[in-house]
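Trainee: Take a look at this one; I'll ask things after.
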Amino acid sequence: MVAIIDYDAGNIKSVEKALQYLGQEVIVTRSDKEILSADAVILPGVGAFGDAMRKLQNYNLIPVIHQVIDHGTPFLGICLGLQLLFDESEESPGVKGLGILPGKIKRIPEGNGLKIPHIGWNSLEFPKQGKLYGNLINKPYVYFVHSYYLESDDPSIVVATTEYNVTIHASVEKDNIFACQFHPEKSSDVGLKILKNFLDIQKEQV
């Protein structure tokens, strides 16, 4: 069972459908009990950093997210779900993120005729081998929708990058924590393979 954390995040339905397509049993919930009993947990998200943190706080979901990670349950953050794992974002000055991983979310610099927000397909580079990216073609294309990007304080956790006026830390992995700035649920066959790799991780631990 995979639990998708429901905090009115925006892209929950598409993540749920992709997992169901892969034959996974899925529950969309904000129940502590259901989240803690899941074999894996996903934090999706589309929207503003500050608004998302307020919703997590209002639904009292911040403690259970920390519990899931402390318990070693495989945890996947997608898009805004990646950004929330870090300390802060230039999008919402003064708002603290979850602070689970060290780093800052910055606005993508303008220039070179590239539009902000960054919407579309970009290829990934892999500075190190990540568990989410096994059995993928070299430089696979995935789908991004964002105006802000991760700059991790710890380069050792960065497993995928992309270029869009700046080097974007597009995916990180540390212990049971996995996160990607792009949308695997909207990234065609490549994205389904990435989600399948995540599901295989949780099955190994069950």
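Trainee: Taking into account only those residues within segment 153-206 that are in contact (Cβ under 8 Å) with a residue 12 or more places away in the chain, part of a strand (DSSP E or B) and polar (S, T, N, Q), which is most open to solvent (accessible area, probe 1.4 Å)?
Mentor: Filtering first and then ranking leaves Thr161.
Trainee: Can you pull out every residue in segment 51-63 that is without any contact (Cβ under 8 Å) to a residue 40 or more places away in the chain and open to solvent by less than 60 Å² (accessible area, probe 1.4 Å)?
Mentor: Ile62
Trainee: When the residues of segment 12-50 are filtered to those that are of a type outside the set (Gly, Ala, Ser), in contact (Cβ under 8 Å) with a residue 12 or more places away in the chain and loosely packed, with under 14 Cβ neighbours inside 10 Å, which remaining residue is nearest to Gly77 (Cα to Cα)?
Mentor: Residues of segment 12-50 that are of a type outside the set (Gly, Ala, Ser), as a first pass: 12-13, 15-17, 19-22, 24-30, 32-36, 39, 41-44, 46, 49.
Pick out the ones that are also in contact (Cβ under 8 Å) with a residue 12 or more places away in the chain and you get 12, 15-17, 19, 21-22, 24-30, 32, 34-36, 39, 41-44, 46, 49.
From what is left, the residues that are loosely packed, with under 14 Cβ neighbours inside 10 Å are 17, 21, 25.
Numbers: Lys17: 17, Tyr21: 19, Glu25: 18 Å.
In this case the residue turns out to be Lys17.
Trainee: Could you check segment 1-11 and list, in sequence order, the residues that are within 17 Å of the chain's Cα centre (by Cα) and surrounded by fewer than 21 Cβ atoms within 10 Å (Cβ to Cβ)?
Mentor: If the condition is that a residue be within 17 Å of the chain's Cα centre (by Cα) and surrounded by fewer than 21 Cβ atoms within 10 Å (Cβ to Cβ), then Asp6, Asp8, Gly10, Asn11 are the ones that fit.
Trainee: Turning to a different aspect of this structure: List the strands (runs of 3 or more DSSP E) inside segment 69-152, counting only whole elements, that have at least 1 residues being touching a Lys or Arg at 6+ places or on another chain (Cβ under 9 Å) and open to solvent by less than 40 Å² (accessible area, probe 1.4 Å). Don't jump to the end; show me each part of the working.
Mentor: Details: elements: 75-78, 103-107, 118-123, 141-146, 148-152.
Counting at least 1 such residues, we get 118-123, 141-146, 148-152.
The values are calculated or read from the model by the stated rules, or taken from the named source; none is laboratory data. What you are looking at is a predicted structure, and each value in this text was computed from that prediction instead of being measured. Reconstructed Cβ throughout: ideal geometry from the backbone, glycine too, with neighbour counts over all protein chains shown. Surface areas here come from the heavy atoms of the whole protein model, side chains and all, with no ligands, DNA or RNA. Shrake-Rupley method; radii C 1.70, N 1.55, O 1.52, S 1.80 Å.
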